[in-house]
Amino acid sequence: MRAAEVHVSVPLRSRSLALSVTNMAQKGAASPQGLAFQPYLESLLTDLRAHESAVVLGVAVAVIVVILTIVFLHSFWGKKSTRSAVLLVGLCDSGKTLLFSRLLCGKFIRTQTSIAENSAQYKTKGDRGTVWTLIDLPGHESLRPQHIEKFKSAARAIVFVVDSAIFQKEVRDVAELLYSLLTDAVVVKNSPTLLVACNKQGRPPGGCWGRLVCGSVSVVLGVMCTLCPADVTMAKSAKLIQQQLEKELNTLRVTRSAALSAQDGSAGGTTIHLGKKGKDFDFSQLPMRVEFVECSARSNKGEDSDADIADLETCLAKLA
């Protein structure tokens, strides 16, 4: 408050003093003695007016700086606050809709292939209890691209759901969808937390779980390890699944870049180069936070049993 009074009072005092000097100059001009002091009075008046202009200019500049700062902060935080969606993305029948239901109300529901998105307000577990808009996007390849395009700019996190029971069969399709997300210019710019949840549907007895945190990135990738006697030859650990995805993504990067270069001589467009150039791809090269976590929307104890999604809920609770 004192600073404001100083800025305002200086110009007022300058005007009053200038007015007094002007009156003195006018009165003194009528006497011979006044004529002798008139040049000095005029010089003082000029200095006062110059000083007043400098103060006014300083105040104006300060006001402009404050306004620009407010506009910048509003723009920065406003854009961030609009990204309040958590997207469930994945192939058909990967368990997105059941996971959507489990996260919202903990209930098992029988689902079918979605042809439109499902959305609802989701409150995270924990003390903060942040509310996000949870959106389940259709997984069919004819519908998926347009829905991703519609909601990607609003994503604070992307939960990439993988059916780990048939991962080996779908690894190519999974990698292609993941590649399209990780090289999308909007996704890379916003860098939402990427939670790749390999959903363990129908865990067999003796099945085991693994947990892997990958470097500085935030993808949560839940993976099912079916280390039971009947399926031991097909068992895949979390580490092996990560390595296989990295290998597939690295292959896709080479083939896609070559195809673009063959078409127009460059790899431009709206996609971003995946990972670091000149190095084999791994998830730690991504600009967003990546984490691997396991989940199971369908309990092996029956439909009425609780799902195993605690790790996924913990990751969602950490979103900022």
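The values are calculated or read from the model by the stated rules, or taken from the named source; none is laboratory data. Since this is a predicted model, take the numbers as computed values, not measurements. When we count neighbours, we look across all protein chains shown, and the Cβ atoms used for this are built from the backbone with ideal geometry, even at glycine. Only protein heavy atoms, including side chains, enter the accessible area calculation; ligands, DNA and RNA are left aside. Shrake-Rupley method; radii C 1.70, N 1.55, O 1.52, S 1.80 Å.
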Check on Val161, more than 15 Å from the chain's Cα centre (by Cα) and surrounded by fewer than 20 Cβ atoms within 10 Å (Cβ to Cβ): no
In region 77-101, which residues are charged (D, E, K, R) and either touching a residue at least 24 places away in the same chain (Cβ under 8 Å) or open to solvent by less than 40 Å² (accessible area, probe 1.4 Å) (or both)? Arg83, Asp93, Lys96
Close pairs from region 125-151: first over 18 Å from Ser101 (Cβ atoms) and open to solvent by less than 20 Å² (accessible area, probe 1.4 Å), partner at pLDDT below 95 and not in a loop (DSSP other than H, G, I, E, B), Cβ under 6 Å, at least 6 apart: Gly129/Lys123
Filter pass, Arg156 being part of a helix (DSSP H, G or I) and in contact (Cβ under 8 Å) with a residue 60 or more places away in the chain: no
For the subset of region 227-243 comprising residues that are under 28 Å from Lys277 (Cβ atoms) and open to solvent by 40 Å² or more (accessible area, probe 1.4 Å), which member is modelled with the highest pLDDT? Gln243
For region 304-320, give me each residue that is part of a loop (DSSP other than H, G, I, E, B) and under 17 Å from Ser101 (Cα atoms). Asp304, Ser305, Asp306, Ala307, Ile309
Scanning region 183-197 for residues that are part of a helix (DSSP H, G or I) and touching a residue at least 12 places away in the same chain (Cβ under 8 Å), the one farthest from Leu252 (Cα to Cα) turns out to be Asn190
Inspect region 188-201 for any residue being in contact with a helix residue (DSSP H, G or I) (Cβ under 6 Å, 6 or more places away or on another chain), open to solvent by 10 Å² or more (accessible area, probe 1.4 Å) and modelled with pLDDT under 80 and give the result as yes or no. yes
Please enumerate the residues belonging to region 102-124 that are in contact (Cβ under 8 Å) with a residue 40 or more places away in the chain and either among the polar types (S, T, N, Q) or open to solvent by 70 Å² or more (accessible area, probe 1.4 Å) (or both). Thr124
Among the residues that make up region 169-182, is at least one of them among the basic types (Lys, Arg) and assigned to a strand (DSSP E or B)? no
Is it the case that some residue within region 288-298 is in contact with a helix residue (DSSP H, G or I) (Cβ under 7 Å, 6 or more places away or on another chain), modelled with pLDDT of 80 or more and in a loop (DSSP other than H, G, I, E, B)? yes
